[in-house]
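FYI, it's all coordinate maths here, none of it is from the lab. Everything quoted here is computed from the prediction, not taken from an experiment. Neighbour counts are summed over all protein chains in view; Cβ atoms, including those assigned to glycine, are modelled from backbone coordinates with ideal geometry.
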Amino acid sequence: MSDELTATCHCGAVQLTLPAEAAGVIACHCSDCQKMHGNFNAFLAAPRDAVTVAGQDNLVWYQSSEAARRAFCATCGARVLKEITGAGRWLVSAGLVDGPTGRRIVRNLWEESKPDWYDLPPVSS
Ligand SMILES: [Zn+2]
Ligand SMILES: [Zn+2]
């Protein structure tokens, strides 16, 4: 297994580490992600306890649906996290990972909600 991944928001106020075992990259095309990310949301998933966060005070949580809440950086607005209620998992925006991830998109979610202006990204196994 390779090393853990580090991730930072645009301004650097929020810094995360993810375990090497984090799942993904997963692309979610649901309408919530479209509204919040401006397009689909690419993320890595890991148990909440396996993710460390520095600068947690900079995170603002938003209840984006009955089933989930999301966190963004109060300073730069970067979309950092999604938490499925009760699932114990955090979905960390893939764009925040620093340096190469050594990964590809492995799965698309909510394909039926995709807008008409892009094709689904190819999936690698
Ligand atoms: Zn920030
Ligand atoms: Zn989504």
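For the reader, a short list of remarks on this structure follows.
- Spherically averaged projected area of the convex hull of Cα atoms, the stretch 1-63: 5.0 nm².
- Between the listed residues Ala50, Val106, Ser125, the Cα displaced farthest toward the positive end of the dipole of the stretch 48-125, a dipole computed from Cβ unit charges relative to the Cα centre, is found at Ala50.
- Mean-square fluctuations from a GNM of the chain, with a 10 angstrom spring cutoff on Cα atoms, peak among Glu66, Glu21, Glu111 at Glu66.
- Integer Hz, Karplus 6.51/-1.76/1.60 couplings in order for the stretch 99-109, x for Gly and Pro: x, x, 8, x, 10, 10, 5, 10, 7, 9, 10
- Amide proton proximity set for Cys76, modelled H, under 5 Å, gap of 5+: Cys11
- For the stretch 83-125, the gyration tensor built on C-alpha atoms gives an oblate shape. Its axis ratio a/c (a ≥ b ≥ c) is at least 1.5, and a/b is not larger than b/c.
- For the chain, the fraction of C-alpha pairs farther apart than 25 angstrom is 19 percent.
- Packing around the peptides 10-20, 53-63, taken as the average count of other Cβ atoms within 10 Å per residue, puts them in this order, highest first: 10-20, 53-63.
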